Amino acid sequence: WATVRGTLPMKARAQLLTEHLLDLSHLEFLHAGSSATATIAKTPITTDFDDGVVRVSRPMYSIDCPPFFTKTMGLSGVLDHAQVAEFFPPAFHITHVSAKPAGDLDESRKCEQKAIHCVTPARGNTTHYFWCHARNYKIDDPEINALMQHGMEMVFKQDVEASEAIEEIISNYEPDHPIELNFKVDAGALQARRLMAQPVAAEQ
């Protein structure tokens, strides 16, 4: 596997990024010009929890190829595409992504990549966001390495900006909180929140 990595500062509490990464529907709205298409949020998810791990899965069949996949994977047209977001409390995520031409009966043209996120609280409502991205295709291609380094950092910066915008709203309400509406897609994030609340309560 070929890897690229980096670190981003974030002026927001770590919880916001943790919950954001478990909401796979955000790709359609936040990363529409790169790693997503207009069908992601319409596809149902499944959420499960075992041995302290939260897992959100979204398999998608016969969807349009995201622009970034064409540049990096060399795929085009209609794909079978899967996303699985895993959260290992208190701070570790792995987002598994796979794609192959729709209807392929074998795995010979399947491309896989994993985004690894280490969401580390810092002082106050600030966070260190350590990330790594690994792929199993075109692993010796320096142009793809450079494209991944730049492209993934841009994508993760968008995640940081979204978390910082939410932080600003929440901070203006404290010590109260705005009314929160949750939907089925929030199941993974809510499970992560409950998991994180347990050791905090025990410590107090």
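Residue-by-condition table, conditions (1) outside any loop (DSSP other than H, G, I, E, B); (2) open to solvent by less than 10 Å² (accessible area, probe 1.4 Å); (3) closer than 21 Å to Ser76 by Cβ; (4) at pLDDT 75 or above:
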site	(1), (2), (3), (4)
Arg5	yes, no, no, yes
Ala12	no, yes, no, yes
Leu17	yes, yes, no, yes
Asp23	no, no, no, yes
Phe29	yes, no, no, yes
Ser34	no, no, yes, no
Thr37	no, no, yes, no
Ala41	no, no, no, no
I'd like the full set of residues that are part of a loop (DSSP other than H, G, I, E, B) and surrounded by 15 or more Cβ atoms within 10 Å (Cβ to Cβ), limited to the range 90-119.
Pro90, Ala91, Ala102, Lys110
Just wondering, is there one or more residues in the range 157-173 that are open to solvent by 80 Å² or more (accessible area, probe 1.4 Å), part of a helix (DSSP H, G or I) and under 21 Å from Val97 (Cβ atoms)?
no
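For the range 174-198, which positions are in a helix (DSSP H, G or I) and open to solvent by less than 100 Å² (accessible area, probe 1.4 Å)? Outline the logic, then answer.
Residues of the range 174-198 that are in a helix (DSSP H, G or I), as a first pass: 184-198.
Of everything in the range 174-198, those that are in a helix (DSSP H, G or I) and open to solvent by less than 100 Å² (accessible area, probe 1.4 Å) turn out to be Val185, Asp186, Ala187, Gly188, Ala189, Leu190, Gln191, Ala192, Arg193, Leu195, Met196, Ala197.
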Taking the condition of a type outside the set (Ser, Thr, Tyr), within 24 Å of Ala14 (Cβ to Cβ) and either open to solvent by less than 50 Å² (accessible area, probe 1.4 Å) or in contact (Cβ under 8 Å) with a residue 40 or more places away in the chain (or both), does Asp140 pass?
no
If Val54 meets every condition in (1) open to solvent by 40 Å² or more (accessible area, probe 1.4 Å); (2) part of a strand (DSSP E or B) apart from one, which number is that one?
(1)
Can Thr70 be described as open to solvent by 50 Å² or more (accessible area, probe 1.4 Å), hydroxyl-bearing (Ser, Thr, Tyr) and touching a Ser or Thr at 6+ places or on another chain (Cβ under 8 Å)?
yes
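The values are calculated or read from the model by the stated rules, or taken from the named source; none is laboratory data. If you're wondering where the values come from, they're calculated on a predicted model, not measured in any experiment. Reconstructed Cβ throughout: ideal geometry from the backbone, glycine too, with neighbour counts over all protein chains shown. Quick note on the areas: whole protein, heavy atoms, side chains included, nothing else; ligands and nucleic acids left out. Shrake-Rupley method; radii C 1.70, N 1.55, O 1.52, S 1.80 Å.
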